[in-house]
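The values are calculated or read from the model by the stated rules, or taken from the named source; none is laboratory data. Nothing here was measured: the structure is a model prediction, and the numbers come from that model. In this analysis, Cβ positions are derived from the backbone assuming ideal geometry, glycine residues included, and neighbour counts consider all displayed protein chains. Keep in mind that these areas ignore ligands, DNA and RNA; they rest on the heavy atoms of the full protein, side chains included. Shrake-Rupley method; radii C 1.70, N 1.55, O 1.52, S 1.80 Å.
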Amino acid sequence: MSLLRSLRLCLVARTGSCPLSALGPGPFLPSLQAGLPLLQSPQQWHTFHSGSWLSSASSKELLMKLRRKTGYSFVNCKKALEACGGDLKQAESWLHKQAQKEGWSKAARLHGRKTKEGLIGLLQEGDTTVLVEVNCETDFVSRNLKFQQLVQQVALGTLLHCQNLKDQLSTYSKGFLNSSELSELPAGPEREGSLKDQLALAIGKLGENMILKRAAWVKVPAGFYVGSYVHGAMHSPSFNNLVLGKYGALVICETSELKANLEDLGRRLGQHVVGMAPLSVGSLDDEPGGEGETKMLSQPYLLDPSITLGQYVQPHGVSVVDFVRFECGEGEDAADAE
């Protein structure tokens with residue numbers, strides 16, 4: 001009886017209950033004695049249930065580090081570290097794969113919902129300038145940093161694509177990418193997969209339908225200049241030279257020499273394109289009014305309607321040869337009507 005009592009007291013101390021109370025003494029004692037080696041020390045019991053990697057301070061630091069690096073919840077970071085045996089790099093990859101699966105699943109559920117909001121992104125580096133449009137459902141999400149980071153990734157992907165084109169330029173070149181072409185571009189040197197994978201991750205995090213709408217790029221040789229303007233521009237130190245807004249324009253000019261005021265001139269030309277929405281460049285010989293209302297050079301200059309844009313540009317010694325204009329959500333109303 002003393003042995004049974006000590007066993008009961010031992011189990012009460014370890015488990016907070018006494019499952020032997022209903023068994024009583026007698027024939028059960030041999031089986032109890034045979035099971036004695038299964039009783040473990042408190043430290044071993046804790047390790048069995050919690051996972052050894054969580055019991056040390058360094059493991060908690062791993063959890064905090066993974067949380068800071070990825071932005072995922074503590075619960076998901078803990079699951080990742082448990083699944084990967086505490087390997088930080090593998091845990092990060094595991095998290096991204098799980099988020100991507102959830103993102104694709106959520107994207108499939110949200111597909112077809114209207115995406116009239118979003119942002120235009122403008123990125124310029126050297127002789128290459130890109131303009132991209134990414135759409136979402138609400139203006140609230142378009143102001144979210146994660147959505148803006150997606151626009152940055154799309155702009156960088158487009159820029160790298162353009163820079164990898166091995167063409168010898170004697171004049172400017174201009175190109176466009178539609179939604180499907182844009183989606184297949186690589187996400188960049190620091191990201192896995194394609195831009196559509198990054199889109200799925202963003203949808204999973206923000207819970208709205210989104211699309212990579214379109215992109216345009218321009219490359220120029222010496223003797224050309226690209227003016228640019230973004231309306232409602234937002235700048236962020238984390239985005240380097242990326243500019244975000246609701247309208248964007250690129251204006252390609254030919255010039256015999258680089259002048260100090262070309263940047264300001266290019267911005268004013270971009271403002272005109274955004275505000276007046278011309279359909280073609282036209283020529284200095286076009287008459288104002290009538291069909292000339294859609295030709296850029298014969299339109300009243302936005303900042304001084306008493307003269308035409310051509311009359312404003314001519315004294316500066318540059319020739320406007322082409323332009324690109326993006327308006328966020330453009331074409332959605334027409335699609336709804338159809």
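Okay, here's what the table says:
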item	result
Evaluation of Ser280 against (1) under 36 Å from the mean Cα position of the chain (by Cα); (2) farther than 29 Å from Lys166 by Cα; (3) surrounded by fewer than 16 Cβ atoms within 10 Å (Cβ to Cβ) (one fails), failing number	(2)
In the stretch 119-156, the residues that are part of a loop (DSSP other than H, G, I, E, B) and within 14 Å of Cys328 (Cβ to Cβ)	Glu137, Thr138, Arg143
Check on Ala200, over 16 Å from the mean Cα position of the chain (by Cα) and either of a type outside the set (Asp, Glu) or not in a helix (DSSP H, G or I) (or both)	no
Residues satisfying the stated conditions in the stretch 290-306, i.e. loosely packed, with under 13 Cβ neighbours inside 10 Å and in contact with a helix residue (DSSP H, G or I) (Cβ under 8 Å, 6 or more places away or on another chain)	Leu303, Asp304
Per-region count, the stretch 305-324, residues aliphatic (A, V, I, L, M) and either assigned to a helix (DSSP H, G or I) or touching a His at 6+ places or on another chain (Cβ under 6 Å) (or both)	2
Top-ranked residue of the stretch 287-304 - restricted to ones that are in a loop (DSSP other than H, G, I, E, B) and not polar (S, T, N, Q), ranked as farthest from Glu133 (Cα to Cα)	Glu287
Matching option when the condition is open to solvent by 60 Å² or more (accessible area, probe 1.4 Å) and either farther than 21 Å from Val324 by Cα or in contact (Cβ under 8 Å) with a residue 12 or more places away in the chain (or both), among Leu182, Leu169, Leu160	Leu160
The listed residue being polar (S, T, N, Q) and at pLDDT below 80, out of Thr138, Thr47, Thr128	Thr47
Checklist (1) in contact (Cβ under 8 Å) with a residue 60 or more places away in the chain; (2) crowded, with 18+ Cβ neighbours inside 10 Å applied to Glu192, failing item	(2)
Single residue of the stretch 307-329 satisfying the filter (open to solvent by 20 Å² or more (accessible area, probe 1.4 Å), in contact with a helix residue (DSSP H, G or I) (Cβ under 7 Å, 6 or more places away or on another chain) and not β-branched (Val, Ile, Thr)) that is farthest from Leu284 (Cα to Cα)	Arg325
Selection status of His231, crowded, with 16+ Cβ neighbours inside 10 Å, on the phi < 0 side of the Ramachandran plot and within 31 Å of the chain's Cα centre (by Cα)	yes
Selection status of Leu269, in contact with a Gly (Cβ under 7 Å, 6 or more places away or on another chain), surrounded by 12 or more Cβ atoms within 10 Å (Cβ to Cβ) and at pLDDT below 95	no
